[in-house]
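Let me begin by presenting the structure, written as structure tokens, before commenting on it.
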Amino acid sequence: MTRADYCAVLFATLLLPYLYINQWTGDEAGISAAIMNGSETTEISLAHDHTLEINGALGTSIIKIEDGKIRFVASPCLGKQCIHSGWLEHAGEFAACLPNRISVAVLGEEPRFDSINF
Amino acid sequence: MKPRWLSLLLIATLGLTACSEAPPQVHKAKLFTLGTLVDVSVLHPNEATAQQAVKIVEDELAIINSQWHAWRDSPLTLINQQLAQGKTVTINSVSHHFLQQAQTLAANSNQLFNPAIGSLVSLWGFHHDDRPDGAPPVKEKIAAALKQAPSMANITLTETTLASNNPAVQFDFGAFGKGYAIDRAVEQLKLAGIENAIVNAGGDLRAIGAKGDRPWRIGVRHPIEAGVIASIETNGDESVFTSGNYERFFDFDGKRYHHIINPRSGYPANDAISVTVIHNNAATADAAATALFIAGETEWPQIAKQMGIDEVMLIGNDLTIHMTPKMAQRIQLEIDDAQVNIIAGDS
Amino acid sequence: MSEKPNSATATKNGITITTTAEDHLIAWLAALAIAIHIIESVLPSPLPGVKPGLANVITIAVFILYGWRTAVWVSMLRVLVGSILIGTFLSPTFMLSFSGAVASLIVLWLASRLPGEGLGPIGLCLITAMAHMFGQFYTAYLLFIPHDGLFKLLPLLMTAAVVFGIISGIIVRSMLLHLEKRKNNTTASATAQRNEQEE
């Protein structure tokens, strides 16, 4: 192997990790959700099943992540709108418990829509 | 000499991989006000300016919320008390502007948009942020409220005074206030030099400008399933408002009762699942979406024409999508197998 | 390499083109490249567009032995004839193949301008494989799938290109060593024969 050959191999070895990092990070290869509690936002991956207890303004809301989907399962509000919203799966889908000041938004890669009207 | 071509190649490669452009940075913030979640998106190269813009929106919305809140103690509840007592209320020019717009919209909608039925709305229990599941009001009470027939036609409005000849008139601007507030907030944004933004209050929004070199893309949520039923690209300064039977409701005995009360029947309107309207003015779009929802599958074209709305999408109870021709040109359906009915237009 | 030019002579029966032994070898190699191309097209691939790219072995061997121009001939023959035989001429598959080959040949030309020893078979196969993959990828992105999500595949495709590039390089190297040996044996035996004759 010539000197130039080694340079070429070196170049390739440097290029590959660069490509992986560049194209694959920033957003997980899967979707995540942003959970907003008051003014704090936490991002959590939907890749693993979880049951979360979030303490909001009114009390504790229970949020479940299962099979890449997320939903409210229990909440101290009266109307239970948040629970009625059901499972959220695709980027842009959203549910909120307004009395408890907790909201859940599903994130994707580049959100297809800038805003959702409903 | 080897490093020369190596670095050239490296640069070329890096240049190529950088080809997937980063989208323009949109500053997003969520506010809790107007009884709902307000999403503000501002596109501005300066982060500090964008944050300031969000603050402007927050302040403006707070002002309007405190003035026109239908049930918490506010200038509005005071007005309602005075009107119930048959008194004439002194108003300022801002209120006059607000009330005049409401009155015109109500008239154009044949009073289907009726912000004077506050007592009926309260009867149904929707004067709480959070209405628990419980029984609907008894039909005698509804009939009694209906008989009194309060409407904006009972109102006499001058530059400085407001009077009503029907003591049953109780204002509830739920179907109009949000739009009005959004209009005011957007005006403030424009005054502050912001040209590209979206103010979305509980799903109803007004968008100005664009997202860099492409328009703002708005997804209209499916009224029943998860996901989006249609999408719209806004053009310039436009509002997109939807009234639906799924927004605020309570269930009782297997039946669902939602918050858009038909002033003619006294019961939640049930001739449509949702109505989406596009119009420049948010307040108009707000009132129109409500009025057209109440008008339902058969009456909506006439009311739309009267209100000067030419971009409407109404989803009927059987999920048929009715549209005006102009709406059909703009909107892109995101579902398959939709049953679509485009009404005859007059061009 | 001494290249005897092809000569065409006009006779009253038509035009006769005399071919050299070299032409035969090149034609044979081109045919081999086409055969490999066709076989590879039948192979199932885990990711669209990922083929071992072993036809590149031929292109690079030709480049080393006969120079860039001949490599262009063999490469273009491979892509064109291969696609005609498979039936994908002018189809998207053809565009991808073609653009990959063009990118690869451009890089090969640049490599031929390198001073000194330049790149050996492994380096050549490696960079042409990468260039080929880039060329194909960008053609796919620009013409067929202008979707940013496609970039998610790029790291995987490039990894495959690098791996198969190096493998092809090793194959070319052993091929060339083998040819060297045979030539040396033939030269050695020819020299030995001449020496014998002279005695």
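FYI, it's all coordinate maths here, none of it is from the lab. Only a predicted model underlies this, so the values are computations on that prediction, with no experimental measurement involved. With ideal geometry, Cβ positions are generated from the backbone for all residues, glycine too; neighbour counts draw on all protein chains shown.
Brief remarks on what is shown
- Anchor C:K152: aspartates and glutamates whose Cα lies under 15 Å away (excluding residues fewer than 8 positions away in-chain): A:D27, A:E28, A:E109, A:E110, B:E21
- Which of B:S109, C:I17, C:V163, positive extreme of dipole for the protein assembly as shown (C-beta unit charges): C:I17
- Cβ-derived FRET efficiency at R0 45 Å, B:Q51 paired with B:T161, nearest 0.05: 0.60
- Residues within the reach of a label modelled at B:E334 (point 7 angstrom out along Cα to beta-carbon, backbone nitrogen below 12 Å), restricted to the range B:232-275, are B:232-233.
- Spin-label proximity, B:K147 to the range B:63-101 - amide N less than 18 Å from point 7 Å beyond Cα toward beta carbon: none
- Look at the dipole of the range A:32-107 built from charges on Cβ: of A:C82, A:N37, A:H48, the Cα furthest out on the positive end belongs to A:C82.
- The residues B:D318, B:D286, C:D23, when put in order of fewest to most other Cβ atoms within 10 Å, stand as B:D318, C:D23, B:D286.
- Relative contact order [Cα under 8 Å, 6+ residues apart], chain B, whole percent: 16 percent
- Counting beta carbons within 10 Å around each of B:D336, B:D133, B:D271 and listing the fewest first gives the order B:D336, B:D133, B:D271.
- Amide hydrogen neighbours beyond the local backbone of A:V73, cut-off 5 Å, H modeled: A:I62, A:I63, A:K64
- Sparsely packed GluC sites (Glu not before Pro) within the range A:30-118, loop by DSSP, other Cβ within 10 Å at most 14: A:E109
- Estimated translational D of chain B in µm²/s (Stokes, Kirkwood radius over Cα pairs; 37 °C; 0.692 mPa s): 151 µm²/s
- Computing FRET efficiency as 1/(1 + (r/R0)^6) for B:A226 and B:L191, where r is the C-beta to C-beta distance and R0 is 35 Å, gives about 0.35.
- Per-residue Cβ neighbour rank within 10 angstrom, fewest leading, A:V9, A:V73: A:V73, A:V9
- Folded to 0 to 90 degrees: helix B:282-307 orientation relative to chain B principal axis, Cα: 70 degrees
- Scalar couplings 3J(HN,Hα) for the range B:263-272, obtained by applying the Karplus form with A = 6.51, B = -1.76, C = 1.60 to θ = phi - 60°, are x, 7, 10, x, 10, x, 5, 9, 9, 6 Hz; x denotes Gly and Pro.
- Taking amide H positions as modeled 1.01 Å from N, with prolines and chain starts lacking one, the residues under 5 Å from B:H222 and 5 or more places away or on another chain are B:G227, B:V228, B:I229.
- Zero-based 10 Å bins, Cα pair distances in chain A, whole percents: 13, 36, 23, 10, 9, 6, 3, 0
- Residue-by-residue Karplus 3J(HN,Hα) for the range A:51-67, coefficients 6.51, -1.76, 1.60, Hz, glycine and proline x: 10, 10, 10, 10, 8, x, 5, 9, x, 9, 9, 10, 10, 10, 10, 8, 6
- Integer Hz, Karplus 6.51/-1.76/1.60 couplings in order for the range B:72-83, x for Gly and Pro: 5, 3, 7, x, 5, 5, 5, 4, 4, 4, 5, 5
- Within straight-line cross-link reach of C:K183, lysines at Cα separation under 23 Å, skipping those fewer than 8 residues along the same chain: C:K4
- Each stretch of four or more DSSP H residues adds -39500 (n - 2.57); spread over every residue of chain B, this sum gives -12000 deg cm²/dmol at 222 nm.
- Counting only alpha carbon atoms, the long axis of helix A:3-24 and the longest principal axis of chain A meet at about 10°.
- Placing unit charges on the Cβ atoms only, positive for Lys and Arg and negative for Asp and Glu, gives the protein assembly as shown a dipole magnitude near 1140 debye about its Cα centre.
- Volume of the Cα convex hull of the protein assembly as shown, divided per residue and given in Å³: 222 Å³
- For B:H44, the residues whose amide H sits under 5 Å from its own are B:H27, ignoring neighbours fewer than 5 places away on the same chain, with H placed 1.01 Å from N.
- Lysine pairs in chain B whose alpha-carbon atoms fall under 22 angstrom of each other, counting only those eight or more residues apart or on distinct chains, come to 18.
- Cα-based helix-to-principal-axis angle, B:2-17 vs chain B, degrees rounded to 10: 20 degrees
- Between C:R69 and B:N280, the modelled labels are 7.0 nm apart [label points 7 Å from Cα along Cα→Cβ].
- Point-charge dipole on Cβ atoms (K/R +1, D/E -1) for the range C:1-143, about Cα centre, debye to 20: 200 debye
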